[in-house]
Amino acid sequence: MSALGRFRRPPLAFLEPCTDNEANRLASLRAERIVAALEMARRHPEIYTHDADSDMAERSAMLDIALRLRISEDQVRELHGTARWAMRRLPMLWTQARDGFATMTAVRQVVTHLHAILPATDAPQELHDAVAAVIAKIDQAASEWVLTCATEAFRRRVKRRIDAISGDLAARRHTGRWQTAR
């Protein structure tokens with residue numbers, strides 16, 4: 001009998017998650033690998049295209065990933081955007097996801113709510129700094145809440161906290177846009 005004959009499942013069965021933490025860890029790892037693959041396709045477009053067009057290479061890599069994972073390109077794009085944003089701007093929450101304590105759904109909820117308060121690129125630097133401070137506060141709070149809250153309670157808390165903190169930011173952003181439009 002071969003060494004593989006002793007397994008009841010295929011040899012790659014050890015990659016199947018046994019707990020929620022393992023499933024969360026694998027989901028965040030998959031998202032990180034999607035980010036890495038698409039960044040590599042952008043840096044080295046010759047791998048995917050003959051004319052070295054980085055946009056086409058990224059789209060090709062996205063299609064390749066979608067086919068291999070049996071998910072849509074939109075899901076790959078969403079995973080890529082969520083993971084990339086969280087890895088750069090929500091380090092504490094992303095650490096919880098990598099450790100298996102936060103689901104990708106929770107990370108996506110925080111990222112989605114925070115996108116609503118991002119200032120325009122031509123906004124004053126003080127507004128960008130204020131938003132960065134809000135993001136840091138939300139990151140800290142969300143990384144603690146994700147350990148104790150159910151999914152819906154977590155979403156409500158994040159939304160309420162962002163609304164409470166960013167109320168002043170919305171007024172300043174509106175005033176800033178109105179002043180620059182004159």
Checklist entry - Which one of Leu29, Leu67, Leu79 is modelled with pLDDT of 95 or more and either of a type in the set (Val, Ile, Thr) or more than 14 Å from the chain's Cα centre (by Cα) (or both)? => result Leu67
Item to check | Output for the range 126-154, where each listed residue is within 17 Å of Phe101 (Cβ to Cβ), free of Cβ contacts under 8 Å to residues at least 12 places away in the same chain and part of a helix (DSSP H, G or I) | outcome: Glu144, Ala153
Checklist entry - Pick from the range 12-26 the residues that are open to solvent by 80 Å² or more (accessible area, probe 1.4 Å) and of a type outside the set (Phe, Trp, Tyr): which of them is modelled with the highest pLDDT? => result Arg25
Checklist entry - Restricting attention to the range 28-42, and to residues there that are open to solvent by 30 Å² or more (accessible area, probe 1.4 Å) and either in contact (Cβ under 8 Å) with a residue 60 or more places away in the chain or acidic (Asp, Glu) (or both), which single residue is farthest from Asp74 (Cα to Cα)? => result Leu29
Checklist outcome for this item: Counting only residues that are under 21 Å from the mean Cα position of the chain (by Cα) and of a type in the set (Asp, Glu), the range 34-64 contains a total of 4
Checklist entry - Do we find that Ala116 is of a type outside the set (Ser, Thr, Tyr) and over 15 Å from Ala31 (Cα atoms) in this structure? => result yes
Checklist entry - What tally of residues in the range 43-61 results from selecting those that are within 22 Å of Ile71 (Cα to Cα) and either surrounded by 12 or more Cβ atoms within 10 Å (Cβ to Cβ) or not charged (D, E, K, R) (or both)? => result 7
Item to check | Count - residues of the range 92-116 that are under 13 Å from Ile138 (Cα atoms), without any contact (Cβ under 8 Å) to a residue 40 or more places away in the chain and open to solvent by 30 Å² or more (accessible area, probe 1.4 Å) | outcome: 2
Checklist entry - Only one of (1) in contact (Cβ under 8 Å) with a residue 40 or more places away in the chain; (2) part of a helix (DSSP H, G or I); (3) over 19 Å from Arg30 (Cβ atoms) fails for Ala123. Which number is that? => result (2)
Checklist entry - How many residues, within the range 90-120, are over 20 Å from Glu22 (Cα atoms), among the hydrophobic types (A, V, I, L, M, F, W, C) and either over 16 Å from the mean Cα position of the chain (by Cα) or outside any helix (DSSP H, G or I) (or both)? => result 5
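The values are calculated or read from the model by the stated rules, or taken from the named source; none is laboratory data. Everything quoted here is computed from the prediction, not taken from an experiment. Note that each Cβ is placed from the backbone with ideal geometry, even for glycine, and that neighbours are counted across all protein chains shown. Just the protein is used for accessible areas: all its heavy atoms, side chains included, with ligands, DNA and RNA removed. Shrake-Rupley method; radii C 1.70, N 1.55, O 1.52, S 1.80 Å.
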